[in-house]
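Engineer: Below you will find the structure I want to go over with you.
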Amino acid sequence: MSSDNMQAATSNAAIATMTIAGREVPAAATFRVVNPATEEVLGWAPDATRDDLDAAVAAARAAFPAWRDTPVDERRRLVRAVGAVLRDNAAELARLLTCEQGKPLEAARGEIEGAAYWCDGICEIELPVTVHEDTAERRSTTRHVPLGVVGAIAPWNFPIILAIWKLAPALVTGNTIVLKPSPFTPLTTLRLGELLRGVLPPGVVNVISGGEQLGPWMTSHPGFDKISFTGSSQTGAKVMASAAATLKRVTLELGGNDAAIVLPDANVEEIVEPLFWSAFQNSGQICVASKRIYIHDALYDRLAEALSEYARGVKVGDGLEQGTQVGPVNNHQQFARVSEMIEDAKAKGLRFIVGGEVPEGPGYFIPLSLIDNPPEDARIVAEEQFGPVVPLMRFTDVEDVIRRANDTPYGLAGSIWTGDPEAAEQLAQRIDTGTVWINEAHYSSPFIPFGGHKASGVGVESGIEGLLEYTNAQTVVVRKSQP
Ligand code: NAD
């Protein structure tokens, strides 16, 4: 046992438990979870062993036949019951989420309620049964059958809603699941697992947590039929390579470097607020945050000033404090990475219109920062920053800005801000991303497929297309009469 783990036995901080086969599983070892606003130990999470993983997979495998054969309406009733558990415990879960993730309490509550809404919405989607031919001679029909056991791996920026994006469609389509949260934010997901004991048949949902080794153990484990992964593109490539050895299906929701393009006919006063939050909500830690803002030369100075003014009025602080609008970044690695990008920008002589001075701790607080017109090869433009530091770039020519927006390995999403949304729809078709928003950002729904192009992902989540990714097509051909 490490000294950290010995400390667990004496600490007053909560020790969360794993859920396997509907029961609590005692942890042989634990790891610490830190509150990013204070850097204090918030709690302890089980560090799953290979045996724990084997037990979770075995439980999911044992639960699969009965769950697959459960009528879909009953499966839907139980997925809605997961939503009800989220709603009924929203206050407790939101507080825990704020303490481990950093986001303001109201946003944490929004995430929990959004996840509950997803449980309901996914249950509304009907999968197609296609009759290809039905003649005197033959009938052929294709329907969609579950895959088996799904391994779900979630990141730390939206631990609960991104877990539910996997759990709800997997269960509705008849699969069972083993869910692994990020080691930076395991506690709320483990707590949800505890709350779901007795709500679902044992083994249908299993929740395990662990350190760096647990993800690779899952992707290489022969007991999974599919891995549904949300995280960075670098890790996504490893997941795909590892899953290939046993020909698992994969859905990969990966990183992005979204461009927001502000055309010269945009109304500066109207767009300041939504454009600001498209970049800074969740401290910029959103896969689809506006990470590069291109502003037409005609508006640049006015909009840059308005965004900076808005930023100065936003309260950054501990998410539990009344009035906090932006919390810290989630973890020390991310804090170090974003701080490094700020230093790099300064070393290159780039000008901060606002922000740029990282305060002394405690807490992983990065000031809301805007950088004035950096070159395309600056790190802050070329890389996914995943933090509250955003470059503003001038453009004069629409062709040029589309080329710059597309000149990235990523292809997750983007937005266009304009007084002529119809014309912008034509432009949107030339942006190589899975989603393009016009005059807003981040809108998503259980009924709309969401996914990345290029290095931003493989496959989609939500919508009929998202549900189909948890199924195999099965065709039955009936010869009715011999010729
Ligand atoms: P990450 O890739 O470091 O980790 C994601 C998850 O994968 C964690 O649970 C981690 O423990 C696990 N993991 C790490 N190494 C693994 C491996 N080799 N095999 C299997 N699993 C492994 O990502 P993160 O830092 O937690 O999240 C931030 C990234 O996620 C950003 O790039 C962001 O854009 C992306 N993201 C994408 C979406 C989307 O829907 N496209 C949504 C949210 C976040």
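The values are calculated or read from the model by the stated rules, or taken from the named source; none is laboratory data. Everything numeric here is computed off the predicted structure, so don't read it as measured data. All Cβ positions, even for glycine, are placed from backbone atoms using ideal geometry, and neighbour counts span all protein chains on display. Quick note on the areas: whole protein, heavy atoms, side chains included, nothing else; ligands and nucleic acids left out. Shrake-Rupley method; radii C 1.70, N 1.55, O 1.52, S 1.80 Å.
Engineer: Are any residues in the stretch 360-372 out of contact with any helix residue (DSSP H, G or I) (no Cβ under 8 Å at 6 or more places or on another chain) and either within 16 Å of the ligand (Cβ to nearest atom) or touching a residue at least 12 places away in the same chain (Cβ under 8 Å) (or both), and if so, which ones? Let's see the steps before the verdict.
Structural biologist: At the first step, the residues of the stretch 360-372 found to be out of contact with any helix residue (DSSP H, G or I) (no Cβ under 8 Å at 6 or more places or on another chain) are 360-363, 365, 367.
Of everything in the stretch 360-372, those that are out of contact with any helix residue (DSSP H, G or I) (no Cβ under 8 Å at 6 or more places or on another chain) and either within 16 Å of the ligand (Cβ to nearest atom) or touching a residue at least 12 places away in the same chain (Cβ under 8 Å) (or both) turn out to be GLY361, PRO362, GLY363, PHE365, PRO367.
Engineer: When you look at ALA413, is it open to solvent by less than 10 Å² (accessible area, probe 1.4 Å), of a type in the set (A, V, I, L, M) and away from the ligand (no atom under 15 Å from the Cβ), yes or no? Break it down into steps so the answer makes sense when it comes.
Structural biologist: Details: open to solvent by less than 10 Å² (accessible area, probe 1.4 Å): yes; of a type in the set (A, V, I, L, M): yes; away from the ligand (no atom under 15 Å from the Cβ): no.
So ALA413 does not fit the description; no.
Engineer: Now for a different question. Taking the stretch 380-401, which residues are open to solvent by 10 Å² or more (accessible area, probe 1.4 Å) and away from the ligand (no atom under 15 Å from the Cβ)? Walk me through how you get there before you give the answer.
Structural biologist: Narrowing the stretch 380-401 to residues open to solvent by 10 Å² or more (accessible area, probe 1.4 Å): 382-384, 386, 394, 396-400.
Those that are open to solvent by 10 Å² or more (accessible area, probe 1.4 Å) and away from the ligand (no atom under 15 Å from the Cβ): ARG394, THR396, ASP397, VAL398, GLU399, ASP400.
Engineer: Determine, yes or no, whether ALA237 is open to solvent by 60 Å² or more (accessible area, probe 1.4 Å), in contact with a Leu (Cβ under 9 Å, 6 or more places away or on another chain) and not in a loop (DSSP other than H, G, I, E, B). Lay out the reasoning, then the answer.
Structural biologist: Working: open to solvent by 60 Å² or more (accessible area, probe 1.4 Å): yes; in contact with a Leu (Cβ under 9 Å, 6 or more places away or on another chain): yes; not in a loop (DSSP other than H, G, I, E, B): yes.
It is true that ALA237 is open to solvent by 60 Å² or more (accessible area, probe 1.4 Å), in contact with a Leu (Cβ under 9 Å, 6 or more places away or on another chain) and not in a loop (DSSP other than H, G, I, E, B).
Engineer: Do you know which residues across the stretch 338-357 are out of contact with any Asp or Glu (no Cβ under 9 Å at 6 or more places or on another chain) and within 17 Å of PHE386 (Cβ to Cβ)?
Structural biologist: VAL338, SER339, GLU340, GLU343, ASP344, ALA345, GLY355, listed by residue number.
Engineer: Right, here's the next one. Given the conditions (1) within 20 Å of PRO26 (Cα to Cα); (2) more than 17 Å from the chain's Cα centre (by Cα), which single one is not true for SER182?
Structural biologist: (2)
Engineer: How many residues does the stretch 243-292 hold that are open to solvent by less than 10 Å² (accessible area, probe 1.4 Å) and part of a helix (DSSP H, G or I)?
Structural biologist: So the answer is 9.
Engineer: Determine, yes or no, whether TYR300 is assigned to a strand (DSSP E or B) and open to solvent by less than 50 Å² (accessible area, probe 1.4 Å). Outline the logic, then answer.
Structural biologist: Values: assigned to a strand (DSSP E or B): no; open to solvent by less than 50 Å² (accessible area, probe 1.4 Å): yes.
For TYR300, the condition - assigned to a strand (DSSP E or B) and open to solvent by less than 50 Å² (accessible area, probe 1.4 Å) - is not met.
Engineer: Among the residues in the stretch 227-247, are any of a type in the set (Lys, Arg) and within 11 Å of the ligand (Cβ to nearest atom)?
Structural biologist: To start, the set of residues in the stretch 227-247 that are of a type in the set (Lys, Arg) comprises 238.
Within this subset, residues satisfying the condition of being within 11 Å of the ligand (Cβ to nearest atom) are 238.
Yes, that holds for at least one residue.
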